[in-house]
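Engineer: One structure is given below, represented as structure tokens, and several questions about it will come after.
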Amino acid sequence: MPPTLSSTRLAWAGDLPDARAACGMGFVATPDRGHDAIALGVKALARLAHRGGLDADGKSGDGAGLLIQVPHRLLGAEVAVAVVFEWDERSRDVFDRAAAESGLQILGWRAVPVDRSSLGERALETMPSIWHCLIARSGLDPDEWEGRLYLARRRAERRAVDEGVRMYIASCSSRTVVYKGLMAGTRLADFYLDLQDPACESKLAVFHQRYSTNTMPDWRLAQPFRLLAHNGEINTIGANRAWMRARETELEPDLRGTIWPEGSDSASLDNALELLVRRGWEVSEALMSLVPDAWEGRGDMAAAVRDFYRYQSTKFEPWDGPAALAFSDGNVVGAALDRNGLRPLRWQRTRHGLVAAASEAGVVTMAPEDVVERGRLGPGQMLLVD
């Protein structure tokens, strides 16, 4: 029997002060593609505003964002989208050349509709021009398409560094697109007009309200990143980055430099996860390998699961530290806790197929009579929606 609302409140009553001093994040998934998932994600961000840093003007924040499926109806075609933050007008040329080198056909560039008046002073001072590069499939297999998009992005990043061009590619995929920026969650849909358009459709939305603890707020460091949103800290980050660099001799030259040197600990975890996913791993398998459950000496764990963790431990050191994660590759969406279990993650499912997980209960509105399951993730647990 699922816990009652009163018992859930009592169980978490002592945690509330600490729970506010951390990022807010989660996901929502609906059975059908439409605008509902996006609208619910936008509302969830507004309800998590108290978890993020906010300037005195009430507009600039530590960062907020949504990761959704590529909205084909809005864009008018089945295309891949590269989201380019441009501080240098040479950025689009850099990406054009990287895409051509990777065998991709660019259909055109779309200036993302935004409302600058919704931003605060600090966000406006550092705001980039934001572009969607629309890329044709050209008969490619879906996985090959994703692989070429990843390669194009990595080549563009390397070329930008070599040529002194300041740019950032928030996402580059045929499956997902990221809308994020240096604002409070309450302002995200005011700024990105796409998120208000009913033609902007998705079955899922991963949302994140940032509370910056170990890096300064930055447009590039707002979350979600390309696959995940993270609440917590990676306490082993120095060693994790060092081991990723040490293993790069096994990669093709264009894929080396996986870990973005200016990124946060969350960005580095996303970099490592993305490398595995683009090389054929399931996103859930890759995340379980990088952020494993406590498996040694566990008599209550199935032997096959324990053997999986034992084998993966020969390949990767754990990215350890308080971590609540929401993630999606566009095919599945999920949430997970690291083995310490020190960050809150609640989830609910309705009889109509709506599933939501978040840092707090009540972030996604569900009629009590429609809820058929609810719970909280424990240490090392994962919730996955296909």
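Engineer: Which of (1) under 20 Å from GLN196 (Cα atoms); (2) touching a strand residue (DSSP E or B) at 6+ places or on another chain (Cβ under 7 Å); (3) surrounded by fewer than 21 Cβ atoms within 10 Å (Cβ to Cβ) does LEU54 not meet, given it meets every other one?
Structural biologist: It fails just one condition, (1).
Engineer: Between a residue in segment 273-298 that is farther than 18 Å from LEU337 by Cα and any residue that is of a type in the set (Ser, Thr, Tyr), which pairs come within a Cβ distance under 8 Å, given they are 6 or more apart or on different chains?
Structural biologist: GLU274/TYR150; LEU275/THR258; LEU276/SER289; ARG278/TYR150; TRP281/SER289
Engineer: Mind listing whichever residues of segment 349-371 are touching a residue at least 24 places away in the same chain (Cβ under 8 Å), touching a strand residue (DSSP E or B) at 6+ places or on another chain (Cβ under 8 Å) and within 12 Å of ALA44 (Cβ to Cβ)?
Structural biologist: Correct list: ALA356, ALA357, ALA358, SER359, GLU360, ALA361, VAL363, VAL364.
Engineer: OK, next. Is one or more of the residues making up segment 247-259 under 20 Å from GLN381 (Cβ atoms) and loosely packed, with under 13 Cβ neighbours inside 10 Å? Explain how you work it out, then say what you get.
Structural biologist: Just the residues of segment 247-259 that are under 20 Å from GLN381 (Cβ atoms), to begin with: none.
Scanning segment 247-259, I find no residue that is under 20 Å from GLN381 (Cβ atoms) and loosely packed, with under 13 Cβ neighbours inside 10 Å, so the answer is no.
Engineer: Let me ask you something else. Taking interchain pairs and intrachain pairs at least six residues apart, which have beta carbon atoms under 7 angstrom, with the first residue in segment 107-120 and among the basic types (Lys, Arg) and the second surrounded by 16 or more Cβ atoms within 10 Å (Cβ to Cβ) and at pLDDT 95 or above?
Structural biologist: ARG110/TRP131; ARG110/HIS132; ARG110/LEU134
Engineer: Residues of segment 107-154 being farther than 20 Å from THR186 by Cα and among the aliphatic types (A, V, I, L, M), which ones?
Structural biologist: Result: LEU107, ALA111, LEU134, ILE135, ALA136, LEU140, LEU149, LEU151, ALA152.
Engineer: If you don't mind, there's one more thing I want to ask. Based on this model, can you work out whether MET183 counts as touching a Phe, Trp or Tyr at 6+ places or on another chain (Cβ under 7 Å) and modelled with pLDDT under 95?
Structural biologist: Taking the combined requirement at face value, the residue satisfies it.
The values are calculated or read from the model by the stated rules, or taken from the named source; none is laboratory data. What you are looking at is a predicted structure, and each value in this text was computed from that prediction instead of being measured. Note that each Cβ is placed from the backbone with ideal geometry, even for glycine, and that neighbours are counted across all protein chains shown.
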